[in-house]
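Just below is one structure, and these are the notes that go with it.
Every number here is computed from the coordinates shown, using simple stated rules; none is lab data. Fair warning: this is a prediction, and the values are worked out from it, not measured in the lab. Cβ coordinates were reconstructed from backbone atoms using ideal geometry, including for glycine residues, and neighbour counts include every protein chain displayed.
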Amino acid sequence: MELDDATRLSRSQLVMRRFWRPVGAKIGTAGLIFILFLAIFGLRIARWDFDEVDTNAFLSSPSSEHWFGTTQGGRDVFAMTMRGLRLSLIIGFAVATIQVFLSAVIGAVAAYFGKWADRSILWVIDLLLVIPSFLLIAVISQQFAGSQGSLTMFIILLAGFGWMLSARVVRAMTLSVVSLDYVSAARFMSVPSWVIIFKHVIPNISSYLIVDFTLGVVRAVMAETVLSFFGFGVQSPDTSLGTLLAEGASRATTSGWVFLAPATVLVIILLSVNFLGDSLRDALDPSSKSGGSA
C-alpha cells in the first residue's frame, strides 16, 4: 500500500483491513452467521415444535419427518436443538454484555480515583474471586427453579460472578490512560469525572472490551451448558444446549443423534467466536504479531 493511501485511511478502515486478512476471521464470521441464522429461523423451518411429542416416534433415528431424530420422549431433536441454541445464545450475549459493562465501569473507576476507592474495589474483587461461584450459582439458581424470573436470576448470577478478572485488566489499562495529557487537561478544566471516564478513558480501552465481549459470550455459553448439564441451569420443560447434552449423554453410543446435534452446534459456536476473538485482537492491537500492518 502506498504511503499516501495509508494516510487517507481512517482507523476503522485500517482495523477492518487487518481484521479481514486472516482466514480465521472469514471462518469465524461464516460460522457465526450460520449459527445466528439457525437461532433466528431454525424454529420457523422446523416441522415440529420443540415441546411437541410424536407418539409414533420414540427415540427414532433421523428421517425425513424428524431431521435429527427424536428423544426418548418423542420430541423432535432438531426443534429442541434450535430452541436450545436460541436460549443459550440469549443467555451468552446477555451475560457478556453485563460483564463487560461492570468490568469497564468498575475497573475504570478504581484506577481513575485511586486511593481508598481503588483499595476498596480491589478488596471486593479479591473477595469475590475466592468465593466458590459454581456452588453458589448452583444453590441460588435452584431456589428460583420453576419461577417466572428464574432465567433472569440465572443471567444475573452468571454475570455477577464473571466480571472480576476483566475488571483487573481494565484497571491496569486505565492506569496508563489517566496519565495521558488530554486526560490531565480535562481534569484541569474541571470536566466531570464521569464524563472523563465514559468519553476519554473507556473508549481508549475499547479494543480489549470488544475482545473480552466475544470471548465472554463463549464463557457464558459454556457456563450455562455445564450448569444445565448438571441440572442447575435451565429447567424442564424449557431446553438449552446443556439440557440436551445431559439427555443424550447416557445414550451417546446407542442413540448418538440426541447427543451429537447439540454437541456439534456447541463446537461451531466455540470455534467461530474464538476465531473472531483472535482476529479482533490482532486487528485492534497494532503490537500483535499479525495486526501491525494494513
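Where in region 234-267 does the amide nitrogen come within less than 15 Å of the point 7 Å from the Cα of residue 145, taken along Cα to Cβ? What the label zone holds, given the 15 Å backbone N cut-off, is 234-240, 243-244, 246-247. The mean sequence separation of alpha-carbon pairs under 8 Å and at least six residues apart, normalised by the residue count of the chain, gives a relative contact order of 27 percent.
Going by alpha carbons, how many degrees (0 to 90, nearest 10) lie between the helix axis of 115-130 and the longest principal axis of the chain? Taking the Cα atoms of the chain, the angle to 115-130 is about 20 degrees.
Scattering from region 129-196 was approximated by placing one identical point on each alpha carbon and applying the Debye formula without solvent; log10 I(q)/I(0) at 0.18, 0.20, 0.28 1/Å stands at -0.74, -0.81, -1.16.
Please give the peptides 264-277, 37-50 ranked by average Cβ packing (other Cβ atoms within 10 Å per residue), highest first, as a rough proxy for protection.
264-277, 37-50
Remark: region 38-169 carries a charge dipole of roughly 460 debye about the Cα centre, counting +1 on each Lys and Arg Cβ and -1 on each Asp and Glu Cβ. Amide H contacts for residue 53 (H built 1.01 Å from N in the peptide plane; partners 5 or more residues away or on another chain; cut-off under 5 Å): none found.
With Cα extents along the principal axes in Å defined as stated, name the option among (1) 70, 48, 37; (2) 75, 53, 29; (3) 48, 42, 31 computed from the structure displayed. Correct label, based on the coordinates given: (2).
When peptides 27-36, 117-126 are sorted by average Cβ neighbour count within 10 Å, with the highest value leading, the order is 27-36, 117-126.
Sorted ascending by nearby beta carbons within 10 Å, beginning with the fewest, 20, 116, 257, 67 become 116, 20, 67, 257.
Helical runs (DSSP H, four residues minimum) scored at -39500 (n - 2.57) apiece and divided by the length of the chain put the mean residue ellipticity at 222 nm at -22500 deg cm²/dmol.
About the Cα centre of region 101-240, what is the dipole size in debye to 20, counting +1 per Lys and Arg Cβ and -1 per Asp and Glu Cβ, all else neutral?
380 debye
This model, with +1 at the C-beta of Lys and Arg and -1 at the C-beta of Asp and Glu, gives the chain a dipole about its Cα centre of some 720 debye. Taking the charge dipole of region 16-73 about its Cα centre, with +1 at Lys and Arg Cβ atoms and -1 at Asp and Glu Cβ atoms, the residue from 57, 32, 73 reaching farthest to the positive side is 32.
For the chain, the longest principal axis of the C-alpha atoms and the axis of helix 164-177 are separated by about 20°. With neighbour counts taken as other beta-carbon atoms within 10 Å, the residues 65, 224, 247 rank, fewest first, as 65, 247, 224. Per-residue Cβ neighbour counts within 10 Å put 226, 77 in the sequence 226, 77, beginning with the fewest.
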